[in-house]
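A short write-up of the structure that comes next.
What follows draws every value from the coordinates through simple rules; no lab data is involved. In this text, all values refer to a predicted model and were calculated from it rather than measured experimentally. Neighbour counts run over all protein chains shown; Cβ positions are idealised from the backbone, glycine included.
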Amino acid sequence: MHVIPISVLQTVCIFLLLSFSGFVVQIDAQNRLAPVHFSKAGGFYNEAFVLELSHPDPDVTIIYTLDGSEPELNHLQGTVYRHMDRYRSPHQQLLEKSYATHIYVSNDPIEIRDRSMDANYLSRMQTTFQESPEPYYFPKDLIFKGTVVRARAVKGETMGGPISTQSFFVTPDGRDRYSLPVISISIQEDRYFGYESGIYVPGKIYDEVNPVASSGDAVANYSQRGIEWERKATMEIFEPESFNADFRQDFGIRI
């Protein structure tokens, strides 16, 4: 998950709130169960804590993720996708990445902590066709990171509630770390970085269309247009004086 402080808030909101009509039917069908309750709201905190999830129906199972992916029963064993490392290089290779859903257990709450010392992960995804194993856009140092918790209730294999998303940031500075509005965008990582259909990488289209090394305007996954290249995500906006999100919305994102 990336933390994005931004100054021109209204302009960005207008740009990002795209139509996601293709998801409406699915969301309506999921509303048969109530949302999962979080013991603390997403936001900025000065110290670590444990997060508890609950639901008014004692017969449901709560499933959740910590990697930005959507919690689904068929992801409980982990789901693998492919990400290309170093296009047009003798060292080019398709790497296996994964994301997973977990079952929430009440006596094993979720630890929310400062993750600044965790290894960089998403910020080290190759998103261009440079041959270097360390492209110029890779961070040189550890970067500040938040924790995205996405949860939903399920009953049986067919009845599910809506996905609730909360972004947590733990830092000694609390909300004072940033003087500008902060936007958190939560998206399943293969929708950005997957070789076949990720919208933020050169991807399979680049390899198939360009027989030789190409310039920055090469045809690629990230140059595709239209609703079929729109990916579902969730956006949260934290105003400068707000410890918790002032706005939260599912939306469709395109490059």
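As a test of the formula, what do you get for the chain when each DSSP H run with n ≥ 4 contributes -39,500 (n - 2.57) and the sum is divided by the residue count, at 222 nm and rounded to the nearest 500 deg cm²/dmol?
It lands at -2500 deg cm²/dmol.
State the answer as a single residue: which of Q92, L180, L142 lies farthest towards the positive end of the charge dipole of the chain, with beta carbon charges of +1 for Lys and Arg and -1 for Asp and Glu, about the Cα centre.
Result: Q92, furthest along the dipole toward the positive end.
Straight-line reach from K232: which lysines have a Cα under 24 Å away, not including same-chain ones fewer than 8 places off?
Those lysines meeting the cut-off are K97, K145, K155, K204.
Would you be so kind as to identify which of I237, T165, V219 lies farthest towards the positive end of the dipole of the chain, taking Lys and Arg as +1 and Asp and Glu as -1 on Cβ and the Cα centre as origin?
Among I237, T165, V219, the one farthest towards the positive end of the dipole of the chain is V219.
What is segment 196-255's relative contact order, in percent, from Cα pairs under 8 angstrom and six or more apart in sequence? Before the final figure, lay out the partial values.
Numbers: 86 pairs, mean separation 18.1, N = 60.
Answer for segment 196-255 is 30 percent.
If you put +1 on each Lys and Arg Cβ and -1 on each Asp and Glu Cβ, how big is the dipole of segment 153-255 around its Cα centre, in Debye rounded to 20? Could you put the intermediate results ahead of the total?
Values: 10 positive and 16 negative charges, 29 e Å.
So the dipole magnitude of segment 153-255 works out to roughly 140 debye.
What's the Cα-based Rg to Rh of the chain, Rh via Kirkwood?
Details: Rg = 19.1 Å, Rh = 19.6 Å.
Dividing the radius of gyration by the Kirkwood radius yields 0.97.
Please work out the FRET efficiency for the pair H37 and N74, using the Cβ-Cβ distance as r and a Förster radius of 22 Å; give the result to the nearest 0.05. Write down the numbers at each step before the final one.
Numbers: r = 24 Å, r/R0 = 1.11.
Working from the Cβ atoms, E equals 0.35.
Report ³J(HN,Hα) in whole Hz for each residue of segment 226-240, in order, from the Karplus equation J = 6.51 cos²θ - 1.76 cosθ + 1.60 where θ = phi - 60°; Gly and Pro get x.
x, 4, 5, 10, 9, 10, 6, 8, 10, 10, 10, 10, 10, 5, x
Placing +1 on the Cβ of each Lys and Arg and -1 on the Cβ of each Asp and Glu in the chain, which of F251, T61, N120 has its Cα farthest towards the positive end of the resulting dipole?
Checked the options; the winner is F251.
Given axes a ≥ b ≥ c from the Cα gyration tensor, I'd like to know whether segment 110-255 is rounded (a/c under 1.5), prolate (a/b larger than b/c) or oblate. All intermediate terms of the calculation are to be shown ahead of the outcome.
On the way: a/c = 2.09, a/b = 1.37, b/c = 1.53.
In terms of gyration-tensor shape, oblate.
Let me spell out the model: positive unit charges on the Cβ of Lys and Arg, negative unit charges on the Cβ of Asp and Glu, origin at the Cα centre of the chain. What dipole size does that give, in debye rounded to 20? Don't skip to the answer; put the middle values down first.
On the way: 23 positive and 33 negative charges, 63 e Å.
Its charge dipole is roughly 300 debye.
When the Karplus curve 6.51 cos²θ - 1.76 cosθ + 1.60 is applied with θ = phi - 60°, which whole-Hz ³J(HN,Hα) does each residue of segment 183-195 get, with x for Gly and Pro?
Per residue, the Karplus-derived 3J(HN,Hα) values read 10, 10, 10, 9, 8, 4, 5, 5, 6, 8, 10, x, 4 Hz.
Quick one: grab the alpha carbon gyration tensor of segment 160-201, order the square roots of its eigenvalues as a ≥ b ≥ c, and give me rounded if a/c is under 1.5, else prolate or oblate depending on whether a/b is larger than b/c.
Working: a/c = 3.27, a/b = 1.67, b/c = 1.96.
Oblate shape, in that a/c is at least 1.5 and b/c is the bigger or equal ratio.
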